[in-house]
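Trainee: Have a look at the structure that comes next, please.
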Amino acid sequence: MNTTIDKVAWIYLDNGRILSTRSRGKDVYYIPGGKREFGETDLDTLAREIAEELAVTIIPATAAHLGTFCAQAHGHPGGVTVQMTCYTADHHGIPTPSSEIDEVVWLSYADRNRVSPVDQIIFDHLYQTGELH
């Protein structure tokens, strides 16, 4: 049986690097975001997850869809995929580890092997468009 995990992620780029997070007990970095809860829109999920994980407030009016990417879900059995709907957006506050997040880092394309499979696809896209160095 194939299962798809529906996630929404925040693409925050600065100086050719991307903000990434490491959750407690995990061995790879993930672009911040998370799973949609029942009835939530993409922007509802984005705002809630980023507030929970990084203690910042997303400004919904500035959100722009960057792309939707799919890959095998990291740490899940074969056939479990993740669909990551990605947005850029302005924010208020300074990203700070919160909730299950242990670490917030800025990664470059050279760090591609340190992120989950779906994030690797996103890194490739951002590198090809010149946004990630």
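Trainee: Please work out which one of (1) assigned to a helix (DSSP H, G or I); (2) touching a Phe, Trp or Tyr at 6+ places or on another chain (Cβ under 7 Å); (3) surrounded by 17 or more Cβ atoms within 10 Å (Cβ to Cβ) is the condition ASP111 fails and give its number.
Mentor: (2)
Trainee: Which condition does SER99 not pass, out of (1) part of a loop (DSSP other than H, G, I, E, B); (2) at pLDDT 95 or above; (3) touching a helix residue (DSSP H, G or I) at 6+ places or on another chain (Cβ under 6 Å), if it passes all the others?
Mentor: (2)
Trainee: Can I ask one more? What are the pairs, 6+ residues apart or on separate chains, where a residue within the stretch 46-58 that is on the phi < 0 side of the Ramachandran plot has its Cβ under 8 Å from a residue that is among the aromatic types (Phe, Trp, Tyr)?
Mentor: Final answer for the pair search is LEU46/TRP10; LEU46/TYR87; GLU49/TRP10; ILE50/TRP10; ILE58/TRP10.
Trainee: Determine if the stretch 51-59 includes at least one residue that is assigned to a loop (DSSP other than H, G, I, E, B), closer than 22 Å to SER98 by Cα and in contact with an Asp or Glu (Cβ under 6 Å, 6 or more places away or on another chain). Explain how you work it out, then say what you get.
Mentor: To start, the set of residues in the stretch 51-59 that are assigned to a loop (DSSP other than H, G, I, E, B) comprises 55-56, 59.
Right, trim to closer than 22 Å to SER98 by Cα and you get 55-56, 59.
From the residues that got through so far, the ones that are in contact with an Asp or Glu (Cβ under 6 Å, 6 or more places away or on another chain) too are 59.
Yes: the stretch 51-59 contains one or more residues that are assigned to a loop (DSSP other than H, G, I, E, B), closer than 22 Å to SER98 by Cα and in contact with an Asp or Glu (Cβ under 6 Å, 6 or more places away or on another chain).
Trainee: Give just the number: which of (1) at pLDDT below 95; (2) more than 17 Å from LYS7 (Cβ to Cβ) does LEU107 not satisfy?
Mentor: (1)
Trainee: Ok, one more. Using beta carbons and a limit of 6 Å, which pairs, at least six apart or on different chains, have the first residue in the stretch 105-122 and over 13 Å from ASP27 (Cα atoms) and without any contact (Cβ under 8 Å) to a residue 60 or more places away in the chain and the second one assigned to a helix (DSSP H, G or I) and of a type in the set (Ser, Thr, Tyr)?
Mentor: TYR109/TYR127
Trainee: Of these, PRO60, PRO77, which one is closer than 19 Å to LYS26 by Cα and either under 15 Å from the mean Cα position of the chain (by Cα) or surrounded by fewer than 17 Cβ atoms within 10 Å (Cβ to Cβ) (or both)?
Mentor: Working: PRO60 fails: closer than 19 Å to LYS26 by Cα.
None of the others qualify; the one that does is PRO77.
Trainee: Those residues that are surrounded by fewer than 18 Cβ atoms within 10 Å (Cβ to Cβ) and part of a strand (DSSP E or B), I need them from the stretch 1-16; list them, please. Reasoning before the result, please.
Mentor: Keep residues of the stretch 1-16 that are surrounded by fewer than 18 Cβ atoms within 10 Å (Cβ to Cβ), which gives 1-6, 13-16.
Scanning the stretch 1-16 gives THR3, THR4, ILE5, ASP6, LEU13, ASP14.
Trainee: Could you identify the single residue in GLY34, GLY39 that is loosely packed, with under 15 Cβ neighbours inside 10 Å and either part of a helix (DSSP H, G or I) or not hydroxyl-bearing (Ser, Thr, Tyr) (or both)?
Mentor: Values: GLY34 fails: loosely packed, with under 15 Cβ neighbours inside 10 Å.
Sole residue among the options that is loosely packed, with under 15 Cβ neighbours inside 10 Å and either part of a helix (DSSP H, G or I) or not hydroxyl-bearing (Ser, Thr, Tyr) (or both): GLY39.
The values are calculated or read from the model by the stated rules, or taken from the named source; none is laboratory data. All values reported here derive from a predicted model rather than from experimental measurement. Glycine gets a Cβ as well: all are built from the backbone with ideal geometry, and neighbour counts include every protein chain shown.
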